[in-house]
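The values are calculated or read from the model by the stated rules, or taken from the named source; none is laboratory data. None of the values given here were measured: they were computed from a predicted structure. In this analysis, Cβ positions are derived from the backbone assuming ideal geometry, glycine residues included, and neighbour counts consider all displayed protein chains.
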Amino acid sequence: MENNTPQTANRRVLVKAGTLSAGVLLFAALLLIVNYLGWKYHHRFDWTASSLYTLSEKSEKVVKNLKRDIELVVFVPPENQLYAPVKELLAQYDAASQRVSVRIVDAEKKPVEAQQLVQQYGISSAGVVVVSGEDRRVIDVADLAEMDYSGMQMGQAPTMTGFKGEQLFTGALLQLDEGRKPKVLFTTGHGEHSLDDRDVHGFASIQELLGPDNFQLEEWASLGKSEVPPGTELVVIAGPTNTFLKPELDVLSAYLDNGGRILAMIDPTLGQANGSGIVPTGFTEWLAGYGVKLGENIVVDPPNVLPSYSAQVFFVNEYGDQAITKPLAQSRLPVLFNMARSVSKAAQPGQGLQITELLHTSAEGWGENNLAQLEKVAKDDADVQGPVPLGVAVERAAAGGQKKLRLVVFGDSDFATNQLVQGNPANAVLLSNSLNWLAERESLITIPPKKTEQVRLTLTGGERQALYALVCALLPGLAVVCGALVYVRRRRR
């Protein structure tokens, strides 16, 4: 017989209450443990085909080695097509380091706060502000993507073809963490390209290109100077058409031998008299002293010429194994060259020099030595046989703790002009990577824009009809049949 005394009933209530309480406590403890493990060992997954939201090894290195706290303030409205990729990518930065924090400003929900921050940072348009103490960098939303406007003529909205968020955000983080601006001098007085020239052959776009990398660009008249100005990180010689005098070259040699850095872009400028030779600039002999052979030729590559252009305008997609060109090789981005000469390793380079070929033509290309008849170029045994190298990187370690010598030489400067830099992203990557390598900023070697996914489902008329029948007829019919079967079985019981 069951005992139903008050004591027994109270005991049962206590047991149930204790069991319920223990269950609640265990469940709460389990939640705490799961949340703690999720916070401490969390991992984000990127399921996009192009790994659009995955930080590269270079970005992770920059983020993990930050020495300053940095905040990224997002002023991008949710209706903007860049809002989602910016938010998701910045979440990766936030998760990678405790020194990085992200704040998304919602102008609709908090208009007063948004207005105050807009005034504080001087924002005139949507973008991202990267802040550390009193220093900051502003990234305009228009610079974050490569857009395709071809459909606008048919009333279509522009589409994003490439996302440049990682290279810009990582560049800004590194700038603020370093707290310095590498000083770059562009030589003048010999017909070089001008930083202020906005014509197609000018270099004005370089100022915009290198702005994200935070270089301090200045022009420098080398004639009559006894030394390169102190504090110069590197010197750029961009397309001279006249000769550098020996005293000028001696100044450059002294600078380079003491751990300086030089980017030389030496075009094959034809002589004005009869076009039978290349105008001497003084660099053929000077570069030979650093193990570089500057060809007296004009390179052509028939398989890679651009339609409707002359044979001297061609693209290059064959790269050497070097930090400058590795991102281009991985992304398979071609660089455009216009009127280039060969640049190769000398037969007997100086001792201790490490010379790496950066890029070259196809095997069918060649260096044309017969410059008197360029209208009828033809490959023969006297020409430089392909594949023809078009650029090299030179490095030599220095003793006594000095900086190592670094030199990059290209046989063309047109690839860095406004027209080609703005028209072809790979040209901008090649130039930016060269300067970053020379300045020993390998962590900022440009990360090429990641291609965004444009997924479309195209169906034929028959396929659309079959899909319509499946959704509107077959599936509802199956539901009715299943319901009828269940009804019949229950009736039989």
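Taking residue 411 as the residue in question, decide whether it is under 21 Å from residue 297 (Cβ atoms) and of a type outside the set (Val, Ile, Thr). Here the answer is yes, as residue 411 does meet what is asked. The combined condition, being part of a helix (DSSP H, G or I), without any contact (Cβ under 8 Å) to a residue 60 or more places away in the chain and not acidic (Asp, Glu), is fulfilled by residue 329. Can you confirm whether the stretch 360-370 contains a residue that is touching a residue at least 40 places away in the same chain (Cβ under 8 Å) and closer than 30 Å to residue 398 by Cα? The answer is yes, given that some residue of the stretch 360-370 is touching a residue at least 40 places away in the same chain (Cβ under 8 Å) and closer than 30 Å to residue 398 by Cα. Of 163, 215, all but one fail to be buried (at least 21 other Cβ atoms within 10 Å of the Cβ), outside the structural domain of residue 419 (by TED's automatic domain parsing), at pLDDT below 90 and of a type outside the set (S, T, N, Q); the exception is 163. State whether one or more residues within the stretch 363-385 are in a strand (DSSP E or B) and out of contact with any Asp or Glu (no Cβ under 9 Å at 6 or more places or on another chain). The answer is yes; a qualifying residue exists.
When 144, 173 are checked against the criterion of being modelled with pLDDT of 80 or more, farther than 11 Å from residue 72 by Cβ and of a type outside the set (Ser, Thr, Tyr), a single residue qualifies: 144.
Checking 390, 420, 405 one by one, the residue that is surrounded by 20 or more Cβ atoms within 10 Å (Cβ to Cβ), aliphatic (A, V, I, L, M), in contact (Cβ under 8 Å) with a residue 24 or more places away in the chain and closer than 23 Å to residue 204 by Cα is 420 and no other.
Put simply, of 107, 84, 114 the only residue that is closer than 21 Å to residue 159 by Cβ and assigned by TED's automatic domain parsing to the domain that holds residue 161 is 84.
Checked against (1) over 23 Å from residue 102 (Cα atoms); (2) modelled with pLDDT under 85; (3) among the acidic types (Asp, Glu), residue 135 meets all criteria but (1).
Taking first residues from the stretch 102-121 that are under 18 Å from residue 137 (Cα atoms) and partners that are assigned to a helix (DSSP H, G or I) and among the acidic types (Asp, Glu), the Cβ contacts under 8 Å between residues at least 6 apart in sequence or on separate chains come to 102/94; 105/113. State all residues of the stretch 231-257 that are of a type outside the set (Asp, Glu), closer than 25 Å to residue 353 by Cα and within 31 Å of the chain's Cα centre (by Cα); if no residue qualifies, say none. Correct list: 231, 232, 234, 235, 236, 237, 238, 239, 252, 255, 256. For the stretch 186-208, the set of residues classified as closer than 30 Å to residue 140 by Cα, surrounded by fewer than 21 Cβ atoms within 10 Å (Cβ to Cβ) and not polar (S, T, N, Q) consists of 186, 195, 196, 197, 198, 199, 200, 201, 202, 204, 208, listed by residue number.
The set of residues from the stretch 406-430 being touching a Leu at 6+ places or on another chain (Cβ under 8 Å) and either outside the structural domain of residue 237 (by TED's automatic domain parsing) or β-branched (Val, Ile, Thr) (or both) comprises 408, 409, 421, 429. What number of residues in the stretch 82-102 are part of a loop (DSSP other than H, G, I, E, B) and surrounded by 15 or more Cβ atoms within 10 Å (Cβ to Cβ)? Total meeting the criteria: 3. Examine the stretch 394-405 for a residue that is at positive phi, in the same structural domain as residue 252 (by TED's automatic domain parsing) and of a type in the set (Gly, Ala, Ser), and state whether such a residue exists. Checked against the condition, which is being at positive phi, in the same structural domain as residue 252 (by TED's automatic domain parsing) and of a type in the set (Gly, Ala, Ser), the stretch 394-405 yields at least one hit.
Among the conditions (1) under 14 Å from residue 237 (Cα atoms); (2) part of a helix (DSSP H, G or I); (3) not β-branched (Val, Ile, Thr), the only one that residue 412 does not satisfy is (2).
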